[in-house]
Every structure is written in structure tokens, then in C-alpha cells.
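Below you'll find the structure, written out as C-alpha cells, and then a few comments.
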Amino acid sequence: MKKSGAAEKKKARRSSAAVQNGSRDQSSFTPPRKQAANKDVFQLFAEKVRDHKDLESRWAILQETRVEYFRGKDFVSFMKNHPELKDILESDRNLETEDIANSLLQKNLLVRCDRVVKTVRPGKKKLSTWPAHLEIFPEQVFSENDAFFAWTFVTRWPLWQTLLSFFWPVLTLAICLFPVYPHQCKLLILYSCAGVLLLILTVLLLRAAIFGAAWIILGKRVWFFPNILAEEATLRELFRFWPKKDEEVRPKWTARLFYAVVAVLVILLLKHHAPDEAARARYQKRMSNIIDDVLEWSPSLALSGMIEKQTVVNATESNDNSTESKASSETVFSADETGSLEETDQHHNDTLG
């Protein structure tokens with residue numbers, strides 16, 4: 001009886017273990033359709049997060065490829081401020097932020113990166129907040145501390161990019177057809193382009209003058225429109241007027257004095273060699289003539305100019321032909337006259353003889 005009871009207990013334990021193993025296998029095994037659905041869910045979540053404006057991101061170079069990346073701490077704060085985005089994950093909406101990021105890393109929607117330059121450059125107090133060059137980090141695990149994550153998928157083109165790609169050849173063709181535009185359109189385009197160019201040059205000179213004066217007098221670096229010449233700057237950063245706080249080392253007074261003397265010498269040299277009024281008038285007249293030639297060009301004038309040129313060429317050729325015929329007739333006449341004179345002399349000599 002005892003042996004049979006022990007055998008029954010062993011069988012019960014084996015059956016319970018089999019049931020537990022079967023439940024584990026069932027929980028770990030996911031049909032292909034569900035896996036594809038989960039992947040699509042995380043893909044939709046990644047696209048939604050990437051297109052969101054509140055997640056701060058930048059562009060950098062990762063192994064000769066331009067990628068968009070964000071910081072780990074920004075992703076954590078973003079998910080705290082927007083918990084409603086977890087509803088896109090459906091059954092995985094209860095996952096923590098770190099688990100969501102690790103899932104994105106496992107599905108190759110994200111890749112963890114590290115800065116290429118890991119030492120502080122001379123003249124700076126700390127590393128760059130947004131490095132321009134990245135490399136792949138060995139451990140693909142989410143972290144908040146000085147960790148960068150780049151998107152690995154290509155986003156869909158927005159509508160404005162599609163329209164821009166369609167109208168770009170049209171714009172190129174319109175630029176090529178500028179000579180045949182009406183005179184008023186030419187003037188409008190010319191003054192608009194000149195105004196935009198003058199505005200850009202004025203802003204560049206103004207910000208350079210403000211930077212030089214603040215650097216020499218106060219020893220601080222003040223750049224208004226700090227990203228106006230940066231290629232990786234976004235549109236919002238491009239029109240940010242107030243500069244960031246200067247975090248670099250304060251320059252020495254000897255360097256400031258040296259550049260102040262150099263600036264004064266350059267200004268005096270430019271003032272001494274500045275063109276006089278006569279030279280300025282000649283240059284202005286030359287430029288106005290060039291602009292007038294461009295603005296006043298038209299197919300009718302071009303055709304009339306070609307006709308006049310052809311008429312002048314024909315007249316010149318006819319004059320040349322008449323001159324050549326006259327010269328040849330004079331040559332023939334002189335030759336005939338010489339021959340007749342020689343014959344008369346010979347006849348006169350024969351008569352006398």
C-alpha cells in the first residue's frame with residue numbers, strides 16, 4: 001500500500017511538472033501571425049514617437065551614414081509626459097520605458113550609439129551635448145546615462161517633401177526661362193533676390209560685429225542666430241534668436257588685445273584703400289549696363305540684332321566683292337593697255353626700219 005501511494009505521488013508530481021512545462025512552452029511559443037502583429041505594433045509605435053515634436057533629436061554621422069538620434073534621458077522624460085502612446089502597443093502597454101526601449105533595440109528599430117570623441121577638447125569644460133559623429137555601442141542595452149539611440153528605419157516622406165520633389169524640376173525650368181520673362185517680372189525677381197542676399201549679408205556682418213565686440217570687451221562668446229550656418233540645424237534652431245550660455249574657457253586678455261589691434265589695423269587699411277567716387281561711379285555704371293542687358297533681352301531684339309548683323313555682314317561682303325571686281329578690271333585694263341602700247345611701238349620701229 002505504501003509503495004502504491006508513493007508511486008501515485010510520483011505520477012502526480014510528473015503530471016504537474018509536465019503541465020507546468022507545457023504551459024511554459026505555450027507561453028514562450030508565439031505563432032508567426034502574433035509575432036508579425038507585435039512587430040507591426042512596435043513599428044507603429046516607433047514611427048509615432050519619431051514623428052512626435054516633443055522628443056528632441058538631432059542628426060549625426062554614423063559610419064558614413066546620416067542618422068537621426070536622441071538621448072536616453074530625453075526618451076524617459078518623453079514617455080513620462082506622453083503615457084498615452086503606450087496604448088499603441090496594445091497587450092504590451094504595461095511595459096516599463098526601459099523594457100519598451102529594449103524591445104525596440106531587439107527588433108532593430110533602434111541602435112545604441114556612442115560618441116566618437118570621448119575627451120574634452122581644448123578650450124571647453126565638458127563634452128558636446130549633441131555630438132556630430134557617432135559609433136555603434138558594443139552593448140545594445142537601454143541606458144539613460146550619456147547614451148544615444150539612432151533610428152534604423154526610413155520614415156515615410158511627408159506631403160511637403162513629395163510636392164517639393166515634384167516642383168523642383170519646374171522651378172529649374174522656370175529659372176532657365178528667366179530671359180523670356182516680361183520686364184516687370186524680371187524686375188520683381190531681381191529686386192527680391194537682391195533684397196534676400198542683402199538681408200543675409202547684413203545679418204552675418206551684424207552677428208560677426210557683435211561677437212567680435214563682446215569677445216574683445218567682455219571676453220564672452222555671443223552668437224546671435226548661432227546655427228545660421230550649421231548644416232545639421234533644424235528650422236526651429238535656425239531661427240532661434242537668443243544664443244546659448246557660453247560654456248567655454250574665458251579667453252586671455254593678451255589674445256583679446258592682439259585681435260583688437262588687428263581689427264583696428266584692418267579697418268584703417270580698408271579705409272585707406274577704399275575706392276574714390278569716380279571709381280565707384282564707373283563700377284556702378286558697368287554693373288547697371290550688365291543688368292540692363294539682362295533685363296532688356298528679348299527674342300525679338302535678339303532676332304533684330306541677328307538680322308542687323310547679317311545685313312552688315314552682307315553689305316561688307318558686297319563691298320569687298322565690288323572692290324575686288326574693280327581692282328581686277330583695272331588690272332585687266334592696264335594689261336591690255338600695256339600690250340597695245342607695245343604693239344604700237346613695234347609697228348613704229350618696223351616702219352622706220
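Being assigned to a helix (DSSP H, G or I), in contact (Cβ under 8 Å) with a residue 40 or more places away in the chain, of a type in the set (Phe, Trp, Tyr) and within 30 Å of Lys244 (Cα to Cα) is a property that holds for Phe75.
Every residue, every condition in (1) modelled with pLDDT of 90 or more; (2) buried (at least 16 other Cβ atoms within 10 Å of the Cβ), yes or no:
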residue	(1), (2)
His52	no, no
Glu64	no, no
Phe70	yes, yes
Asn94	no, no
Leu104	yes, yes
Val111	yes, yes
Asp114	yes, no
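Look at Phe78 and say whether it is at pLDDT 90 or above, out of contact with any strand residue (DSSP E or B) (no Cβ under 7 Å at 6 or more places or on another chain) and aromatic (Phe, Trp, Tyr).
Judged against the criteria, Phe78 is a match.
Checked against the criteria, Ala37 counts as open to solvent by less than 60 Å² (accessible area, probe 1.4 Å), within 29 Å of Trp151 (Cβ to Cβ) and modelled with pLDDT under 85.
The values are calculated or read from the model by the stated rules, or taken from the named source; none is laboratory data. Computed from a predicted structure; not experimentally measured. Every residue, glycine as well, gets a Cβ built from its backbone with ideal geometry; the counts of neighbours run over all protein chains shown. Protein only, heavy atoms only, side chains kept; ligands, DNA and RNA dropped before computing areas. Shrake-Rupley method; radii C 1.70, N 1.55, O 1.52, S 1.80 Å.
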